[in-house]
Amino acid sequence: MRITPVQTPSHETVLRVHDAEIGLTGFIAVHSTHLGPAAGGLRMRPYASEDAALTDALRLSRGMTYKNAAAGLPLGGGKAVIMGDAAQKTPAQLLSFACAVQSLNGRYWTAEDMGMSPADMELMTQETKYVAGLPNGSHASGDPSPITARGIFNSIKTTTRHRFGNDDLTGRTVSVQGLGHVGGYLCQYLHDAGAKLILADLDQNRVQEMRKKLGADVATADGILTANADIFAPCAIGAILNEESIAALNVAAVCGGANNQLATPEDGDRLHARSVLYAPDFVANAGGIINVATEILEIDNRTAYVDEKLATLDVTLDAMLTRAKQMNCSPDAVATSIVDEMLASKAA
Ligand code: NAD
């Protein structure tokens, strides 16, 4: 296995990990360790090219710096990717990649992301101790999705208060795109709070299951983007807020769990220009990494830690939305500059 540094001015360290014999090519990107060891998951996908894989690792690791900082975690931002079909992954590939993680001596902690399972993480512990998302162990943190959903629910209430003057969700309509791990838990929270739901997923069985369980309306996968609702909660894929979709939105606010919802930073300005209040995704969906952090930081009272960090996250979002209103600009731009200030003060 060969580990080669990739010179990338925007990031502290980027490693290319390659082993031709076992068909392994991947990257580890450490964006920032200003606030602590970089943390972010390992993703395996059939990328079209090495450039595409590297770009994904760079983009996602930067996103983790912002998410971890916004959540008040003593963690920096990192991410790792392996090129290939996750259904074909081999133990040799994972063990070799784990050696590369170990070579950073704790400057990067990995965890599950797309294409990885808790069992994969457990296997990697044979070669590195810097792995979280384990199925067992004294500080194993389990499925982060319920905590992610709780954080989004809190953020929806805060966003509702800023947009409508109170945070009562009774009778408010929320359109939800994606009814997977996060979307499923979120819908239950919203339903319990009295919200009316409009649901969409590519998986029609899942849609029907949730429709029956919650008595919700449904929309098509395209129709959810133009559904008439108070709040839109994207909980599926990234980059769904672009020039075209924003022009067609029929909501007063957007707050959901999907990573990288804005196709470009300008899309935050487009939402603002349309008076659609946008809760920055890296703040709204930080509950999951808060849960994972309890494992990395070996927190003994996980429940108390998660509760306290989620409450602080809510205060942070409130401050971001307040500042955005005062400055009459996009909350995404404000959130990004607030984290930039945090990082700069730590680096000074
Ligand atoms: P998941 O795979 O369990 O669920 C995603 C769901 O979205 C699936 O049911 C899928 O069928 C559906 N979907 C995909 N494309 C769609 C489309 N175009 N229209 C409608 N539905 C579509 O994933 P998840 O764990 O629930 O994560 C959802 C999003 O939240 C992802 O963007 C993920 O990166 C982000 N996120 C998840 C967590 C977590 O704790 N799981 C934490 C932070 C961020």
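The values are calculated or read from the model by the stated rules, or taken from the named source; none is laboratory data. Not measured: the values here are computed from a predicted model. Reconstructed Cβ throughout: ideal geometry from the backbone, glycine too, with neighbour counts over all protein chains shown. Each accessible area value is taken on the protein alone, full model and side chains, heavy atoms only, with ligands, DNA and RNA left out. Shrake-Rupley method; radii C 1.70, N 1.55, O 1.52, S 1.80 Å.
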Inset, instruction - Report yes if Gly115 is within 12 Å of the ligand (Cβ to nearest atom), touching a residue at least 40 places away in the same chain (Cβ under 8 Å) and in contact with a helix residue (DSSP H, G or I) (Cβ under 6 Å, 6 or more places away or on another chain), otherwise no. - result: yes
Inset, instruction - Considering (1) within 26 Å of Asp281 (Cβ to Cβ); (2) open to solvent by 10 Å² or more (accessible area, probe 1.4 Å); (3) out of contact with any Lys or Arg (no Cβ under 9 Å at 6 or more places or on another chain), say which one Asn136 fails and leave the rest. - result: (1)
Inset, instruction - Find the strands (runs of 3 or more DSSP E) located wholly in region 1-107 whose residues include 1 or more that are crowded, with 22+ Cβ neighbours inside 10 Å, and list them. - result: 13-19, 24-32, 42-45, 76-83
Inset, instruction - Among what's in region 295-348 and is part of a helix (DSSP H, G or I) and hydroxyl-bearing (Ser, Thr, Tyr), pick the residue that is farthest from Ala273 (Cα to Cα). - result: Thr303
Inset, instruction - Say whether the condition of being more than 30 Å from Leu104 (Cα to Cα), within 20 Å of the chain's Cα centre (by Cα) and either in a loop (DSSP other than H, G, I, E, B) or within 16 Å of the ligand (Cβ to nearest atom) (or both) is met by at least one residue in region 129-141. - result: no
Inset, instruction - Select from region 256-277 the residues that are out of contact with any Pro (no Cβ under 9 Å at 6 or more places or on another chain) and assigned to a loop (DSSP other than H, G, I, E, B) and write down the one among them that is least open to solvent (accessible area, probe 1.4 Å). - result: Val276
Inset, instruction - Name the single residue, out of those in region 209-221 being part of a helix (DSSP H, G or I) and within 13 Å of the ligand (Cβ to nearest atom), that is least open to solvent (accessible area, probe 1.4 Å). - result: Met210
Legend entry - Within region 313-348, tally of residues that are exposed (fewer than 13 other Cβ atoms within 10 Å of the Cβ) and of a type in the set (S, T, N, Q): 3
Legend entry - The listed residue being in contact (Cβ under 8 Å) with a residue 40 or more places away in the chain, within 15 Å of the ligand (Cβ to nearest atom) and crowded, with 22+ Cβ neighbours inside 10 Å, out of Ile231, Ile224: Ile224
Inset, instruction - Output the number of residues of region 175-205 satisfying the condition of being open to solvent by 10 Å² or more (accessible area, probe 1.4 Å), closer than 20 Å to Asn285 by Cβ, within 6 Å of the ligand (Cβ to nearest atom) and not hydrophobic (A, V, I, L, M, F, W, C). - result: 4
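So, in region 239-253, of the ones that are away from the ligand (no atom under 14 Å from the Cβ) and part of a strand (DSSP E or B), which residue ends up surrounded by the fewest Cβ atoms within 10 Å (Cβ to Cβ)?
Asn250
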